[in-house]
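The values are calculated or read from the model by the stated rules, or taken from the named source; none is laboratory data. None of the values given here were measured: they were computed from a predicted structure. Cβ placement follows ideal geometry from the backbone for every residue including glycine, while neighbour counts extend to all protein chains displayed.
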Amino acid sequence: MLLVTGGSRGIGAATAVMAAARGYDVAIGYVTDSTAAAEVVAACEDAGGRATSVRCDVAIESEIEGLFELATERLGPIRVFVNNAGILHRAARLDEMELDRLESVVAVNVVGAMLAAREAVRRMSTAHGGSGGAIVNVSSAASYLGSPNEFIDYAATKGAIDTMTIGLAKEVAGEGIRVNAVRPGLIHTDIHERSGIERRVDTLAVHVPMQRGGHADEVAETILWLASDAASYVTGTLVNCSGGR
């Protein structure tokens, strides 16, 4: 079974449907849009896999624990965990950001992601009686670009994900778990609507060597390769999916 947080839209949804088409049973976590989550579940089932959705706010520890418990109860052991849930606020300079914004971004993008990875390890690690598997963290090109004048807070949280990926990979390499991260660049998803920058991807595509924004399916392909046996000797690696930017 493949479990993905933030699975009702964008990269998470694309990964879920692609995984179902490749033989995985799929569980998705979502936080608000139950209609979109149901549509992703239906698309996964149409692609040939069993699928379920569980409401989960990854800023709340008990809800993360509930997500893992319900997903495994319904679909069996986790083979792949895609640590995808994340939030982004409107573009601003750091000197314009309020404390509640900073706390909310860290709560979801760092603390929530680490708690979710913890729950995956507790179930997948051979040291805990699991049979191993793969964790793919969804970071961002922002982690190395810094996102000045836009999202320094978001970029900093994704830098934390990069570091967590490297450290966790070393912790569990001997326990049957590979841990890697994908770092998407400018991708056509609705996360950009929250930035307040109209047509952000198209506007910034001039700075991408490939001269275009990417698509969620292109990131999903990268995630599923990292999760697959084709990447059996790959761990602790950060893979850019950013058109060369």
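Conditions (1) without any contact (Cβ under 8 Å) to a residue 40 or more places away in the chain; (2) hydroxyl-bearing (Ser, Thr, Tyr), marked per residue:
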{"residue": "Gly23", "(1), (2)": "yes, no"}
{"residue": "Tyr30", "(1), (2)": "yes, yes"}
{"residue": "Asp33", "(1), (2)": "yes, no"}
{"residue": "Val41", "(1), (2)": "yes, no"}
{"residue": "Gly66", "(1), (2)": "yes, no"}
{"residue": "Asn84", "(1), (2)": "no, no"}
Total residues in the range 47-61, condition of a type outside the set (Lys, Arg) and part of a loop (DSSP other than H, G, I, E, B): 8
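For (1) closer than 21 Å to Glu218 by Cα; (2) touching a Lys or Arg at 6+ places or on another chain (Cβ under 6 Å); (3) aromatic (Phe, Trp, Tyr), each residue gets a yes or a no:
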residue	(1), (2), (3)
Ala21	yes, no, no
Ala27	yes, no, no
Thr35	no, no, no
Thr52	no, yes, no
Val58	no, no, no
Test Ala71 against the criterion of being crowded, with 17+ Cβ neighbours inside 10 Å, over 16 Å from the mean Cα position of the chain (by Cα), under 23 Å from Arg22 (Cβ atoms) and touching a residue at least 12 places away in the same chain (Cβ under 8 Å), and give yes or no. yes
Val4 is checked against (1) of a type in the set (A, V, I, L, M, F, W, C); (2) closer than 30 Å to Gly129 by Cβ; (3) out of contact with any Ser or Thr (no Cβ under 6 Å at 6 or more places or on another chain); (4) buried (at least 22 other Cβ atoms within 10 Å of the Cβ) and fails just one. What number does that condition carry? (3)
Filter the range 23-68 down to residues that are within 18 Å of the chain's Cα centre (by Cα) and polar (S, T, N, Q) and give me whichever is nearest to Thr157 (Cα to Cα). Thr32
Filter result (touching a strand residue (DSSP E or B) at 6+ places or on another chain (Cβ under 6 Å), farther than 12 Å from Phe81 by Cα and among the small types (Gly, Ala, Ser)) within the range 1-42: Ser8, Ala20, Ala37
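Please go through the range 74-117 and pick out each residue that is charged (D, E, K, R) and either farther than 20 Å from Arg55 by Cβ or modelled with pLDDT under 95 (or both).
Scanning the range 74-117 gives Arg79, Arg90, Arg93, Asp95, Glu96, Glu98, Asp100, Arg101, Glu103.
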Kindly provide the set of residues from the range 62-76 that are out of contact with any Leu (no Cβ under 6 Å at 6 or more places or on another chain) and either assigned to a helix (DSSP H, G or I) or closer than 14 Å to Gly7 by Cβ (or both), ordered by number. Ser62, Glu63, Glu65, Gly66, Leu67, Phe68, Glu69, Leu70, Thr72, Glu73, Arg74, Leu75
When the range 172-211 is examined, which residues are found to be over 18 Å from His89 (Cβ atoms), surrounded by fewer than 14 Cβ atoms within 10 Å (Cβ to Cβ) and charged (D, E, K, R)? Arg199, Asp202
For the condition surrounded by fewer than 16 Cβ atoms within 10 Å (Cβ to Cβ), among the small types (Gly, Ala, Ser), under 26 Å from Leu67 (Cβ atoms) and in contact with a strand residue (DSSP E or B) (Cβ under 7 Å, 6 or more places away or on another chain), what is the one hit in Gly167, Gly132? Gly132
Tally up the residues in the range 155-201 that are within 19 Å of Val108 (Cβ to Cβ) and at pLDDT 85 or above, please. 17
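Inspect the range 57-78 for any residue being out of contact with any strand residue (DSSP E or B) (no Cβ under 6 Å at 6 or more places or on another chain) and of a type in the set (Lys, Arg) and give the result as yes or no.
There is no residue in the range 57-78 that is out of contact with any strand residue (DSSP E or B) (no Cβ under 6 Å at 6 or more places or on another chain) and of a type in the set (Lys, Arg).
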